[in-house]
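Shown next, in structure tokens, is the structure this report addresses.
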């Protein structure tokens, strides 16, 4: 899996390309945790628009990062356009904790206003 | 079309992607929709991850998958490990229950399998292992174009 990180003000945008499963969840977690600490990021956007597969290990990884960001007083947003990923996100109840956007720009705009 | 494959591989997390891809390639001969294929891939991924994380506790073991296709386009998947087994299957099947909370598990594995497949049966014996049997009929989806 390919991970692209971009910092926009205090918001870290994590774009994941490929398949997010149990095997990929741990290295992904480590990269995100390190970057949040090093760059002092407050909010987090997961961009799943080019993610071709995700299972419940991905949900566990998102919840873990939500707990961290939430404890730092920030917000987490998801960008998702794939029906399979969207179904899993809905099933997991993640939408009670964070908003799902159709594009990164929409998520950034809302986080800025918050 | 009647057909069947058996796969066995080491309980390494790098093989999760292989297992999904192999089953998906085999099931493709039933001409499933993208959604049906995604459902099966997700269910396989959950069962194989359970075998690696819970069955073998990240240790070494063999995971086996048997996938059978029947004439009525039903996919029957049997995914087994010879690991530690599940003490309380009823509890394991509860949504959001996890025995490995420190491991950042969502506890959704069985719920995903149940939701994405037509049927799910879990058999387990302590210190003998766990077998998950799932079926899904291809082409029963009314959203076919």
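Laid out as a table, the results:
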| read-out | value |
| --- | --- |
| Test: residue B:52 is within 14 Å of chain A (Cβ to nearest Cβ) and in contact (Cβ under 8 Å) with a residue 40 or more places away in the chain | yes |
| Within the stretch A:96-114, considering residues that are under 17 Å from residue A:67 (Cβ atoms) and touching a residue at least 24 places away in the same chain (Cβ under 8 Å), the one farthest from the chain's Cα centre (by Cα) | A:97 |
| Tally, over the stretch A:44-95, of residues that are free of Cβ contacts under 8 Å to residues at least 24 places away in the same chain and either surrounded by 20 or more Cβ atoms within 10 Å (Cβ to Cβ) or within 13 Å of chain B (Cβ to nearest Cβ) (or both) | 7 |
| Residue match in the stretch B:110-120 (condition: closer than 28 Å to residue B:26 by Cβ and either over 16 Å from the mean Cα position of the chain (by Cα) or surrounded by fewer than 16 Cβ atoms within 10 Å (Cβ to Cβ) (or both)) | yes |
| Residue A:16 being in contact (Cβ under 8 Å) with a residue 24 or more places away in the chain, touching a strand residue (DSSP E or B) at 6+ places or on another chain (Cβ under 7 Å), closer than 19 Å to residue B:36 by Cα and more than 9 Å from chain B (Cβ to nearest Cβ) | no |
| Yes/no for residue B:29 being away from chain A (no Cβ under 14 Å), out of contact with any strand residue (DSSP E or B) (no Cβ under 6 Å at 6 or more places or on another chain), in a helix (DSSP H, G or I) and touching a residue at least 12 places away in the same chain (Cβ under 8 Å) | yes |
| Evaluation of residue A:29 against (1) surrounded by fewer than 20 Cβ atoms within 10 Å (Cβ to Cβ); (2) more than 19 Å from residue B:105 (Cα to Cα); (3) under 11 Å from the mean Cα position of the chain (by Cα) (one fails), failing number | (2) |
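Yes/no per residue for (1) buried (at least 21 other Cβ atoms within 10 Å of the Cβ); (2) in contact with a helix residue (DSSP H, G or I) (Cβ under 9 Å, 6 or more places away or on another chain):
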{"residue": "B:23", "(1), (2)": "yes, yes"}
{"residue": "B:39", "(1), (2)": "yes, yes"}
{"residue": "B:43", "(1), (2)": "yes, yes"}
{"residue": "B:60", "(1), (2)": "no, no"}
{"residue": "B:63", "(1), (2)": "yes, yes"}
{"residue": "B:75", "(1), (2)": "yes, yes"}
{"residue": "B:82", "(1), (2)": "no, yes"}
{"residue": "B:96", "(1), (2)": "no, yes"}
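The rows are residues; the columns are (1) within 29 Å of residue B:140 (Cα to Cα); (2) within 13 Å of chain A (Cβ to nearest Cβ); (3) in contact (Cβ under 8 Å) with a residue 60 or more places away in the chain.
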residue	(1), (2), (3)
B:15	no, yes, no
B:21	yes, yes, no
B:37	yes, yes, no
B:47	yes, yes, yes
B:89	no, no, no
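Only the coordinates and a few stated rules stand behind these numbers; no lab work does. The shown structure was predicted, so the numbers you read here are calculated from the model rather than taken from an experiment. Every residue, glycine as well, gets a Cβ built from its backbone with ideal geometry; the counts of neighbours run over all protein chains shown.
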